[in-house]
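A short write-up of the structure that comes next.
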Amino acid sequence: MRSFSLILKQFSRSVLLIAGFAFGSLSVAHAQGDAAKGEALFKANCTACHKIDQEMTGPALGPQLTEETDDKYLVQWIQNNQALIAAKNPKALAIYNKYQQKGMTVFSSLSEGDVTNIITYIREDWKKIQEDKAKAPAPSAAAESGPSEMVVFGLIGIIIIAFIVILVLNRVVGSLERVLLKNKDLLVEDALAAEAAGTAAIDARKAFIAKILKNKKLVFFILVSGTIAMGSWGWETLWNTNVHQGYQPVQPIKYSHELHAGVMKIDCQYCHSGAYKSKNASIPSLNVCMNCHKVVKTESEEIHKIYDALGYDPKTQKYDSTMAKPIQWVRIHNLPDLAYFNHSQHVKVGGIKCQQCHGPVQTMKEVYQYSPLTMKWCIQCHKRTEVNGKGNAYYDSILAAHDKIKKGEKVTAAVLGGIECGKCHY
Ligand code: HEC
Ligand code: HEC
Ligand code: HEC
Ligand code: HEC
Ligand code: HEC
Ligand code: HEC
């Protein structure tokens, strides 16, 4: 036995060695760039459509770049995927068709060095994500996701085992009873005959139901399963009360983000400038639309709704405010009043892209609620997202205060932001 385990040990050691060499030579084959520079470029250019660990508009880039190791091809693809597709490169065509020919942006402004940095960053980040997953799996995940599926399956398993035990015990009790009856000289055959006569009188279905109802253990089992099923359904329902993920009301004008923000590439800021400056992103006034629609598509019925709402007469090109009747856009995202959410804090300070919370708006004909907007959603992101404190006056002041405290100097609430308007005012 000992020699066998020794052989096993040696074998696994050599397998590990070989794997190590293979991995080492693989990573040598990969282009090496500056991951920090790559991260900034990735966040600025790619996160609208890609995540490293999840499929979005485009593939999840972590696994994709583990599979696709031809860096020369990748650089060409990222710089100008349209050229590769036009040249009928088989790999490019395959991925293009796999994603319904959605088409990726051309990044001719990125140099080969830039792209190498991005690729390095993606591969390193993906490695980190996988390592983190391997290191810290259970506790936090369980705490964040309520009752885990494991628990439910475990319960069901226990119930099934309990049922089998009950069945077996039932048999044992039955045969014991029969032995007892025999000992008491009561003829088992008599009892059976009487029972047969009885069941003959009623029809077979009734007998079947009666038999089931008589089996107390089976009834108990059905009741317990029913309670658990109802319980978990109720639990799910309660958790999802007031969660409106996917909510997509019909809007009064057939305004399309896909056309304006996607095809025409109008910056979100053009219409939702509030998102960079204040708590609210705000819906643009129709005057913003008129910058173009005074002359664009003037015959369209939908555009005439804009004219009517503003009291604008396209023939005389004059506004009559007494005729105006504002458009009632249906609000999609809606936090309860008890939660304070500030756009500029996230978009401007945190540097988070609109799409990370609102999804690929630039591909939506009609906007829908992409994220659940639950407290869990807010908190999970806060736990994961690293804060970039460099060159941020707020964090500089916190660090300065920290130094003062260390030196034993006085720090007032004002130093910590206690006189900023937004801390006390909505
Ligand atoms: C407008 C959305 C969009 C943006 C922005 C975008 N991509 Fe893509 N990307 C896609 C889509 C969609 C695909 C799938 C192929 C297709 O439909 O053309 C894709 C595919 C890819 C692939 C797979 C290529 C292959 O053959 O395996 C890589 C790698 C990639 N993107 C990297 C990037 C990088 C790096 C950036 C940022 C510099 C970026 N993408 C920005 C949409 C985008
Ligand atoms: C030309 C103006 C315009 C541009 C550009 C634009 N939007 Fe909008 N957006 C609107 C209008 C008008 C509405 C209200 C009607 C609707 O929901 O479609 C709206 C609604 C929304 C909503 C839903 C608001 C709610 O009711 O909860 C979100 C989210 C949104 N926009 C995000 C974006 C993002 C992200 C971009 C950039 C990719 C963008 N918008 C670009 C005009 C614009
Ligand atoms: C930067 C210019 C620009 C702005 C700003 C703009 N649009 Fe448009 N919009 C266009 C163009 C160009 C088209 C027509 C595209 C085409 O030819 O089909 C269009 C098409 C439309 C259509 C489809 C009309 C039809 O019948 O096909 C609607 C509806 C519309 N816009 C509503 C709006 C609303 C509402 C706003 C303001 C929130 C707005 N647009 C702001 C340029 C603009
Ligand atoms: C960190 C997540 C997050 C990011 C990033 C984000 N939003 Fe929002 N957005 C929200 C939440 C949450 C609401 C609901 C706010 C409420 O009901 O008070 C919302 C609401 C909106 C609304 C509805 C009107 C309003 O002012 O509340 C619009 C329009 C909107 N967002 C556009 C944008 C645009 C454009 C960007 C990018 C410049 C953006 N958002 C970035 C989370 C986000
Ligand atoms: C996509 C990630 C993300 C989501 C989702 C998100 N946040 Fe944040 N939030 C951040 C980041 C990053 C910061 C830190 C910004 C900074 O100061 O650099 C932040 C900061 C904040 C702060 C300021 C904290 C402080 O120290 O002053 C508040 C308040 C806040 N978020 C509320 C919310 C609420 C409410 C929601 C959900 C409706 C939410 N956030 C969803 C990323 C997110
Ligand atoms: C430490 C908390 C705090 C800070 C910081 C703060 N305020 Fe106030 N502010 C208040 C309170 C409380 C009231 C209400 C006082 C009252 O009703 O008598 C108020 C009242 C006001 C009012 C009067 C509102 C009305 O209805 O009459 C204005 C305007 C105002 N603040 C503006 C500001 C501005 C601008 C800033 C930033 C420079 C600021 N505040 C910073 C706490 C604060």
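The values are calculated or read from the model by the stated rules, or taken from the named source; none is laboratory data. These numbers come from a predicted model, not from an experiment. So basically every Cβ, Gly included, is an ideal-geometry build from the backbone, and we count neighbours across all protein chains shown. Surface areas here come from the heavy atoms of the whole protein model, side chains and all, with no ligands, DNA or RNA. Shrake-Rupley method; radii C 1.70, N 1.55, O 1.52, S 1.80 Å.
Structure above, values below:
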quantity: Wholly within region 29-95, helices (runs of 4 or more DSSP H) carrying at least 2 residues that are hydrophobic (A, V, I, L, M, F, W, C) and more than 9 Å from ligand 1 (Cβ to nearest atom); calculated: 35-45, 71-86
quantity: Residues satisfying the stated conditions in region 347-398, i.e. over 30 Å from VAL411 (Cα atoms), among the polar types (S, T, N, Q) and in a loop (DSSP other than H, G, I, E, B); calculated: GLN369, SER371, THR374
quantity: Top-ranked residue in region 271-296 [being near ligand 3 (Cβ under 7 Å from one of its atoms) and either in a loop (DSSP other than H, G, I, E, B) or aromatic (Phe, Trp, Tyr) (or both); ranked as most open to solvent (accessible area, probe 1.4 Å)]; calculated: VAL296
quantity: Subset of region 253-270 (residues that are surrounded by fewer than 13 Cβ atoms within 10 Å (Cβ to Cβ) and either within 16 Å of ligand 5 (Cβ to nearest atom) or farther than 16 Å from ASN291 by Cβ (or both)); calculated: VAL263
quantity: Region 37-49 residues that are at pLDDT below 80, paired with ones that are open to solvent by less than 60 Å² (accessible area, probe 1.4 Å) (beta carbon under 6 Å, 6 or more apart); calculated: ALA48/GLN355; CYS49/MET56; CYS49/THR57; CYS49/GLY58
quantity: Filter result for the condition that a residue is away from ligand 5 (no atom under 16 Å from the Cβ), at pLDDT below 80 and either in contact with a Pro (Cβ under 6 Å, 6 or more places away or on another chain) or over 30 Å from SER371 (Cβ atoms) (or both), over THR241, THR199; calculated: THR199
quantity: Single match in VAL263, VAL224, VAL288 (criterion: more than 10 Å from ligand 2 (Cβ to nearest atom), at pLDDT 90 or above and under 30 Å from ILE352 (Cβ atoms)); calculated: VAL263
quantity: Complete set of residues in region 59-69 that are surrounded by fewer than 19 Cβ atoms within 10 Å (Cβ to Cβ) and touching a residue at least 12 places away in the same chain (Cβ under 8 Å); calculated: PRO63, THR66, GLU68, THR69
quantity: Selected residue (only one of VAL415, VAL411 is aliphatic (A, V, I, L, M), assigned to a loop (DSSP other than H, G, I, E, B) and outside the structural domain of THR105 (by TED's automatic domain parsing)); calculated: VAL411
